[in-house]
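The values are calculated or read from the model by the stated rules, or taken from the named source; none is laboratory data. The structure presented is a predicted model; accordingly, all values stated were derived computationally and were not measured. So basically every Cβ, Gly included, is an ideal-geometry build from the backbone, and we count neighbours across all protein chains shown. With ligands, DNA and RNA removed, areas are computed over all heavy atoms of the protein, side chains included. Shrake-Rupley method; radii C 1.70, N 1.55, O 1.52, S 1.80 Å.
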Amino acid sequence: MTELEKLRRAKIPCPETGITVKHTLCDICTPENHCGVDAYVLDGKVIKVEGTKEHPHNHGLLCTKGAANREYIYRADRLKTPMRRVGRRGEGRFEPITWEEAYDEITARLTKIKESDGPDAVAVFSGYTKWYRGLLKRFAYSFGTINYGTESSVCFDATMMAWLATTGSFAVPDMAHAATYIGWGYGPHYSSHLAVGEMQEFKARGGKLLIVDPKITPAVKMADLHLQLKPGTDGALALGIARVIFENGWQDQDYLDRFTVGQEAYRRECDKFNLGTVEQITGVPRDKVVAAAEMIAKGGPACMHQSASPITQHRNGYQNYRAILALLAVTGNYDRPGGNLPIVHSYNYQAAGFQTREREYTGATRLQSIHTPIGAGRFPAWDLFQDEFQAVELSQQILEEKPYPIKALLGFGMNLLMFPDTAKLCRALEKLDFFLDVDLFSTPCTRYADIVLPACTSFERGEMRVYPSGHAFFTKPVIDPLYDSRSDTDIITDLAKRLAPQDELLCRGYEAAVDYMFQDLSVSVDSLKASEFPVLVPEAAPPQVGLTLANGFPTPSGKFELESSLLAQKGAPAVPSYPEELYHPQGNRKYILSTGVRLPNTLHSRLHNVPVLRSLRPEPMADISMEDAARLGLSRGDSVRLTTDGGSLCVKVNPTSAVLEGTIHLFHGYEEANANALIPADWLDPCTGFPAYKSIGCDMEPCAG
């Protein structure tokens, strides 16, 4: 082997090998991360990825998913060219067409529907990723439709809505100054790997860690106290902890009197949850509830992280979340050092310490409509705080055409397997007059489309990104778009030129949009593109602690609302509550099924077809307790039938000591074992419309094959 061959085999970047290192980011998961990536490129192809050590967010670290970016980019099921359906919907038979042919047909079909049924008959939906959403939302409004929606209908938005009803502003934990950290539904090893180092540092300086989670996770092994509760019973636990605090006089009464409203009504709700009731509902022993109350109230300052989906995806998820937030007021840990600090989002779901004109850009072309968005009027919290349609109602409106018909759907990164009662959505997609789907890969959803357009990855385009540290990053492509794919924003701009030509700013494209949104700051697209790494925005500043307490909360009362006036106006429960009908969360069935639990090798259904990651868990498996396995005579790999009110399916089991007896945990996104098909369409939180993916009564029995 020659010296050059050795260098190339070792993938050493240098003039001799022709290997270069280019900087980009990973956008596989949530915008909370989007870690910096070094792409090793040879002859226009990525041959290796590593974390960027100079990146101020991840400092060279990548998770399992990020480390698989090369395999992700070159998946065998990448969409290569625009396609037109030639078979039945769902059959997956297409013929290749040109981009111009695709645009011509899209324009003609949507224009016809707009003229015959009105623009609101066209719905626009965004799934993952989220980087292009500002342009897509503006496109929807410029086209004229009121119906723009996203996967946030089942994910982050319920979290934001709980904060808005309670404090008026989202808040983040001030871990650097805290003595106690509460991780409620928090599993950073699998969902936010960079937080693990922060937790380790926190523990090293003597901080106390409380984890609330139905499963034993790597984070639990770091905890001083773990409350292992039944899925979906978080609200009862939070109210019970508050009662213990009040009974012992551990509350910060001065904070409650000065900065809150509704404490009397809230305390009456807490009084319903004595230690016996809490233990019966949640399964958490009494002594641990008392220990948690003392740790939160007396181990301060205390801050908390409340994960979005694990808490909100229950029938009482919204009120559960508000009950958890109330503990910050009870202990005086909101807008104080070491507690949770109010923040304002900067750009694309991320707070970076500065403000942009993102909301102004996205909403500038929204027109008044004679219609209300899909799902309006059914979910009070959603109606109060959202300008998107509630996507869980999309199927119903397509099928029933009430209060008006939906005839066309434009999907970007739409995940069919995300929705409860998946078969119902399939029937709805079959009924549409026209369905456009834009994606990276062939998916169950693209198979229902009339036109499919191939998008490209973050390695093949430029993208704007901001970070909590106050940095901004505009990446550059490290390779050319594969095959005949294009970036989502180029596709949106091309469609805008045909379907919304009056919106000149939108038609100027992505970079013009970013410059518009960042016009009040000292950075621009050109200045950011001149740097290989993220740039610190001069206007960025950390949260100003105590400002809300001094000037008043952005709520109708100007205070922390333990009793929400806005929810009361909508006829929703104003005080965080846990209704009696949920005291037995499994209902008439023997087990509680929870879907969506995290795995280290995947995110939703995005990575199941990456072979190196699929090999870590080749088959969909239900995690069950060792006790339940012994009682049913089951060993690892045996098959069981899981049955809920939504349906049934057979999967193999993985007995583990990590889950509670009487609970079943099944990860979603496997096409061959779609967990969300077990969730009925009406199994929803009545305040938000969020599906209760993570707690539904279930029966389990051995089955053959």
| request: Identify the single condition in (1) out of contact with any helix residue (DSSP H, G or I) (no Cβ under 7 Å at 6 or more places or on another chain); (2) at pLDDT 95 or above; (3) farther than 30 Å from residue 686 by Cα that residue 214 does not satisfy, given that it satisfies every other one. | output: (3)
| message | Condition first: under 27 Å from residue 597 (Cβ atoms) and of a type in the set (Phe, Trp, Tyr). Can you find one or more residues in the range 127-144 that meet it? | response | yes
| remark: From the option list 463, 511, single residue qualifying as under 27 Å from the mean Cα position of the chain (by Cα), acidic (Asp, Glu) and buried (at least 20 other Cβ atoms within 10 Å of the Cβ) is 463
| query | When both residues are 6+ apart or on different chains and their Cβ atoms are under 9 Å apart, which pairs have a first residue that lies in the range 51-75 and is β-branched (Val, Ile, Thr), and a second that is assigned to a helix (DSSP H, G or I) and open to solvent by less than 20 Å² (accessible area, probe 1.4 Å)? | reply | 64/613; 73/459; 73/460
| task | Within the range 311-353, track down each residue that is more than 30 Å from residue 270 (Cβ to Cβ) and out of contact with any Phe, Trp or Tyr (no Cβ under 9 Å at 6 or more places or on another chain). | result | 353
| task | For residues that are touching an Asp or Glu at 6+ places or on another chain (Cβ under 7 Å) and either crowded, with 17+ Cβ neighbours inside 10 Å or among the hydroxyl-bearing types (Ser, Thr, Tyr) (or both), tally how many sit in the range 643-657. | result | 5
| Among the residues of the range 592-606, which ones are crowded, with 21+ Cβ neighbours inside 10 Å and more than 16 Å from the chain's Cα centre (by Cα)? | 592, 593, 594
| task | Please enumerate the residues belonging to the range 404-427 that are aliphatic (A, V, I, L, M) and either part of a loop (DSSP other than H, G, I, E, B) or more than 21 Å from the chain's Cα centre (by Cα) (or both). | result | 406, 408, 409, 414, 423
| task | Sort out which residues of the range 610-632 are touching a strand residue (DSSP E or B) at 6+ places or on another chain (Cβ under 7 Å) and part of a loop (DSSP other than H, G, I, E, B), and write them in order of number. | result | 619, 620
| query | Does residue 133 fit the bill of being in contact (Cβ under 8 Å) with a residue 60 or more places away in the chain, over 25 Å from residue 419 (Cα atoms) and touching a strand residue (DSSP E or B) at 6+ places or on another chain (Cβ under 7 Å)? | reply | no
| field | Filter result for the condition that a residue is aliphatic (A, V, I, L, M), within 28 Å of residue 369 (Cα to Cα), in contact with a helix residue (DSSP H, G or I) (Cβ under 7 Å, 6 or more places away or on another chain) and open to solvent by less than 10 Å² (accessible area, probe 1.4 Å), over 158, 171 | value | 158
| query | Under the condition of being surrounded by fewer than 18 Cβ atoms within 10 Å (Cβ to Cβ) and outside any loop (DSSP other than H, G, I, E, B), which residue from the range 658-676 is nearest to the chain's Cα centre (by Cα)? | reply | 671
| Here are 28, 47, 12: which of them is β-branched (Val, Ile, Thr), open to solvent by 10 Å² or more (accessible area, probe 1.4 Å) and assigned to a loop (DSSP other than H, G, I, E, B)? | 12
| message | Looking only at helices (runs of 4 or more DSSP H) that lie completely in the range 188-255, which have at least 3 residues being surrounded by fewer than 18 Cβ atoms within 10 Å (Cβ to Cβ) and within 24 Å of the chain's Cα centre (by Cα)? | response | 194-204
| residue 516 fails exactly one of the following numbered conditions: (1) open to solvent by 10 Å² or more (accessible area, probe 1.4 Å); (2) of a type in the set (Phe, Trp, Tyr); (3) farther than 30 Å from residue 140 by Cα. What is the number of that condition? | (3)
| request: Please verify whether the range 387-403 includes one or more residues that are in a loop (DSSP other than H, G, I, E, B), in contact with a Gly (Cβ under 9 Å, 6 or more places away or on another chain) and under 30 Å from residue 538 (Cβ atoms). | output: no
| Any idea how many residues of the range 419-454 are among the hydrophobic types (A, V, I, L, M, F, W, C), in contact with a Ser or Thr (Cβ under 6 Å, 6 or more places away or on another chain) and either surrounded by fewer than 24 Cβ atoms within 10 Å (Cβ to Cβ) or within 13 Å of residue 488 (Cα to Cα) (or both)? | 2
| Using beta carbons and a limit of 8 Å, which pairs, at least six apart or on different chains, have the first residue in the range 336-352 and in contact (Cβ under 8 Å) with a residue 24 or more places away in the chain and the second one in a loop (DSSP other than H, G, I, E, B) and basic (Lys, Arg)? | 348/130; 349/130
| query | Among the residues of the range 444-481, how many are more than 29 Å from residue 527 (Cβ to Cβ), not in a strand (DSSP E or B) and not acidic (Asp, Glu)? | reply | 6
| request: Could you tell me which residue of the range 574-591 is most open to solvent (accessible area, probe 1.4 Å), considering only residues that are of a type in the set (Ser, Thr, Tyr) and part of a loop (DSSP other than H, G, I, E, B)? | output: 583
| request: Could you figure out which of (1) among the charged types (D, E, K, R); (2) open to solvent by less than 30 Å² (accessible area, probe 1.4 Å); (3) touching a Gly at 6+ places or on another chain (Cβ under 9 Å); (4) touching a residue at least 40 places away in the same chain (Cβ under 8 Å) isn't true of residue 38? | output: (4)
| note | In the range 260-306, anything under 26 Å from residue 549 (Cβ atoms) and among the small types (Gly, Ala, Ser) is listed as 262, 265, 292, 293, 297, 299, 300, 302
| Filter result (in a loop (DSSP other than H, G, I, E, B) and under 28 Å from the mean Cα position of the chain (by Cα)) within the range 525-538 | 533, 534, 537
| query | Can you find a residue in the range 472-492 that is crowded, with 16+ Cβ neighbours inside 10 Å and modelled with pLDDT under 95? | reply | no
| query | Does the range 131-150 hold any residues that are in contact with a Gly (Cβ under 9 Å, 6 or more places away or on another chain) and open to solvent by 10 Å² or more (accessible area, probe 1.4 Å), and which are they? | reply | 137, 138, 144
| request: Name the one entry in 61, 110 that is hydrophobic (A, V, I, L, M, F, W, C) and in contact with a Cys (Cβ under 8 Å, 6 or more places away or on another chain). | output: 61
| field | Where residue 166 falls short, out of the listed (1) out of contact with any strand residue (DSSP E or B) (no Cβ under 7 Å at 6 or more places or on another chain); (2) under 30 Å from residue 551 (Cβ atoms) | value | (1)
| query | Considering only helices (runs of 4 or more DSSP H) fully contained in the range 293-367, which possess at least 1 residues that are open to solvent by 30 Å² or more (accessible area, probe 1.4 Å)? | reply | 308-312, 358-363
